[in-house]
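The values are calculated or read from the model by the stated rules, or taken from the named source; none is laboratory data. From a predicted model like this one, the values you see are computed outputs, not experimental measurements. Here Cβ is always computed from backbone atoms with ideal geometry, including for glycine, and neighbour counts include all displayed protein chains. For the accessible areas, the whole protein counts, side chains as well, though only heavy atoms, and no ligand, DNA or RNA atoms are used. Shrake-Rupley method; radii C 1.70, N 1.55, O 1.52, S 1.80 Å.
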Amino acid sequence: MKILVTGGAGYIGSHTCVELLKENYDVVVLDNFSNSCEESLNRVQKITDKKLSFYKADLLDPPSIDHVFEDHKIDAVIHFAGLKAVGESVSIPLKYYHNNLTGTFNLLSAMDKYTVKNLVFSSSATVYGDPASFPITEKFPLSATNPYGRSKLVIEEVLQDLYKSDKDWNIALLRYFNPVGAHESGEIGEDPQGLPNNLMPYISQVAVGLLPRLKVFGKDYNTPDGTGVRDYIHVTDLALGHIQTLPKLLSNPGVVIYNLGTGNGFSVLEMIKGLEKASGQKISYQITDRRPGDIAACFADATKAKKELGWEATKSLDDMCKDTWNWQKKNPQGYRKPAGEQ
Ligand code: NAD
Ligand code: UFG
C-alpha cells in the first residue's frame, strides 16, 4: 500500500513516515522544504533502515503535484503540508490563506484527477476556538480566532462539501492537541527556524543554553497554578494515530473526525518542572503578561479515537520531556550541522 505524505519532511510528518515505514507501507513524500530540510528524511531512512521516495515540490505548483501522481499509484494521502505559526498568520494572512487553502485545493484536484480519494487531513484543536467547558469532544462548536485556525476550519468544511458531492471520498479530519517530544532515537525532532513560538522547543532551548530564559505568558488564568493548561501529546503517539486511521479510511467510512490528544492537561509550570527533571538543568523563567489570543485551558476527550480506531496515547509526560531533551542535546542546532562540521 502506497501513501503520499505531503509535508513529510516536517516535524509531525517525519515521525509519521517512520511509523509508516515500520508498518511496511510504501512512502512517497512531497515537500517544498519551506519549513524543513532533506536531512530529516535521511534520518527517517536511517532510523528505519528503509527507503522512501521524495519530491521537492510545492503544492502551489499543480504540474509538480501531477508529476508525483504520474510516477506513483497512490492509495491514500496524509496531508500535513501547511504553514502553522499562529502569530505570523495574523500578520500575513494572505500568505497563509494562499499556501494552506490553495495548496490543499491543488492537492484535492490532483487526487480527483488521478482517482485517489482517501485522505487524512491534519486539523487542529484550534478549530474549537475558546471552548466553554472541558474535556472537548468532537461535537463541540467550531470557531476560528486567527487566520491559521480559519484555514483549518475552511478546509474541514471544504472536505465535508467534497464528500457530499462524491461519496467515493473517505476523509479523516484529525484534530491534534499539542504535539511535543521527539523520536526516542534523538535522530528526528522539532526544528523551529528562528525563535520558537511554542512552549516545549522554547524551554528546551533555554535548558541547552541557546536562550536565556522563558517568558511564562500569564499566571492569572483560572487554572490550578494560574498558568495555561494544554493537552501535550508525544509526537510518536500522534504519528501512530495516523497509522491506526488508515485501515478505518479504507473501510469506506465517509468523513470521520477524531481528537488526537491524551485527555490530560498540564500547566506551563508543570512542563518546566518536567524538563528540569529530564535535563538536570535549572530552567530560568519570568512571568509576563498573557499572550494575546491565548486561552486558559484546552484538553481533549479522546475516547472516540479509542473506541473507533483502537488508538490511545501511551507515552507519559516524563517520556515527552526525556525525548525532547534527548533530541535537543544531540542536535543543539537542529538539523543544521555545528559550525566547522561539513
Ligand atoms: P512543519 O512546519 O514541521 O511541517 C509542515 C511541512 O509542510 C514542512 O516540511 C513544510 O516545508 C511543508 N510545506 C508547507 N507548505 C508547503 C507547500 N506549499 N508545498 C509543499 N510543502 C509545504 O509542521 P508540523 O508541526 O509538522 O505540522 C504538520 C501539520 O499539522 C500542519 O498542517 C499543521 O498545521 C498541523 N498541526 C500542527 C500542530 C503543531 O503544534 N505542530 C498542531 C495542530 C496541527
Ligand atoms: N507559553 C508560554 N511561553 C512561551 C510559549 C508558550 O508561557 O514562550 C504558554 C502559552 O501561553 C500556552 C502554552 O504555553 O499556555 C502552550 O503554548 P504553545 O504556543 O506551545 O501552544 P498553543 O496551545 O498556543 O498552540 C498550539 C499550536 C497551534 C495549535 C494548538 C492546538 O501552536 O497551532 O496548539 O493544537 F492550534
Item to check | Amide H within-cut-off set for Ile257, under 5 Å, with H built and near neighbours excluded | outcome: Leu173
Next on the checklist: If you roll a 1.4 angstrom probe over the protein chains with everything in place, what fraction of the accessible area of the chain belongs to carbon and sulfur, to the nearest %?
Outcome noted: 49 percent
Checklist entry - Of His183, Leu173, Gly7, which is farthest on the positive side of the dipole of the chain, counting Cα position, with +1 on Lys and Arg Cβ, -1 on Asp and Glu Cβ, and the Cα centre as origin? => result His183
Item to check | Hydrodynamic radius (Kirkwood) for region 165-298, which is based on Cα pairs only, to one decimal in Å | outcome: 16.9 Å
Item to check | Charge-dipole axis of region 141-283 as Lys and Arg at +1 and Asp and Glu at -1 on Cβ define it, positive-most pick from Pro224, Thr262, Val206 | outcome: Pro224
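Please work out the Cα convex hull volume for the chain and give it in Å³ per residue.
With only Cα atoms used, the chain gives 131 Å³ per residue.
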Checklist outcome for this item: For the chain, the longest principal axis of the Cα atoms and the Cα long axis of helix 268-279 enclose an angle in degrees, to the nearest 10, of 90 degrees
Checklist entry - Considering only protein heavy atoms, what is the solvent-accessible area of Ser34 at a probe of 1.4 Å, reported in Å² to the nearest 10? => result 80 Å²
Checklist entry - Where does region 31-92 land on Rg/Rh, using Cα atoms and the Kirkwood Rh? => result 1.02
Checklist entry - With the dipole of the chain worked out from charges on the C-beta (+1 for Lys and Arg, -1 for Asp and Glu) around the Cα centre, which of Leu195, Ala302, Thr16 lies farthest toward the positive end? => result Leu195
Item to check | Whole-angstrom gap from region 73-118 to region 293-333, using each part's C-alpha centre | outcome: 24 Å
Next on the checklist: Helix 62-71 against the longest principal axis of the chain: what's the angle in degrees, Cα atoms only, rounded to the nearest 10?
Outcome noted: 70 degrees
Checklist entry - Taking a quarter of the surface of the convex hull around the Cα atoms of region 54-133, what do you get in nm²? => result 6.6 nm²
Checklist entry - Got a sec to turn the phi values of region 231-243 into Karplus ³J(HN,Hα) couplings, 6.51 cos²θ - 1.76 cosθ + 1.60 with θ = phi - 60°, whole Hz, x for Gly and Pro? => result 9, 7, 10, 5, 4, 6, 4, 4, 4, 5, x, 5, 5
Checklist entry - What residues from region 263-288 fall in the zone where the backbone N is under 14 Å from a label point 7 Å along the Cα-to-C-beta line of Arg213? => result 282-288
Next on the checklist: Kirkwood hydrodynamic radius, computed over distinct alpha-carbon pairs, for region 46-184: how many Å, to one decimal?
Outcome noted: 16.6 Å
Next on the checklist: Compute the orientation-averaged projected area for region 285-342 from the convex hull of its Cα atoms and round it to one decimal in nm².
Outcome noted: 8.1 nm²
Checklist outcome for this item: Descending accessible area (1.4 Å probe), largest on the left, turns Ser53, Ser251 into Ser251, Ser53
Checklist entry - If amide H atoms are built 1.01 Å from N in the plane of the peptide, which residues on other chains or at least 5 residues away come under 5 Å of the amide H of Leu211? => result Val206
Item to check | Over region 244-342, volume per residue of the alpha carbon convex hull, in Å³ | outcome: 195 Å³
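I need the calculated FRET efficiency for the pair Val154 and Ser284, taking r as the beta carbon distance and R₀ as 45 Å, to the nearest 0.05.
E between Val154 and Ser284, to the nearest 0.05, is 0.65.
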Next on the checklist: Rounded to the nearest 20 debye, what is the charge dipole size of the chain about its Cα centre when +1 sits on each Lys and Arg Cβ and -1 on each Asp and Glu Cβ?
Outcome noted: 540 debye
Item to check | Potential extension, Ser251-Asp61 segment - 0.36 nm per residue separation minus Cα distance | outcome: 65.2 nm
Next on the checklist: If you restrict to DSSP beta bridges whose two residues both lie in the chain, what percentage is antiparallel, to the nearest 5?
Outcome noted: 5 percent
Item to check | Relative contact order (%) - criterion: Cα under 8 Å, at least six apart; region: region 92-169 | outcome: 37 percent
Item to check | Label point at Leu101 placed 7 Å out along Cα→Cβ; residues across region 147-175 whose backbone nitrogen lies under 14 Å | outcome: 147-159
Checklist entry - Relative to the longest principal axis of the chain, what angle (0 to 90°, nearest 10) does the C-alpha long axis of helix 317-330 take? => result 90 degrees
Checklist entry - How many angstrom lie between the C-alpha centres of region 143-183 and region 238-286? => result 17 Å
Checklist entry - In terms of modelled amide H atoms, which long-range or inter-chain residues lie less than 5 Å from the amide H of Leu83? => result Asn100
Checklist entry - Mind listing the phi-derived Karplus ³J(HN,Hα) values for region 42-53, rounded to whole Hz, using 6.51, -1.76 and 1.60 with θ = phi - 60°, and x for any glycine or proline? => result 4, 6, 4, 5, 5, 4, 8, 6, 9, 9, 10, 9
Next on the checklist: Leaving out ligands and nucleic acids, and using a 1.4 Å probe, what accessible area per residue does the chain come to in Å²?
Outcome noted: 44 Å²
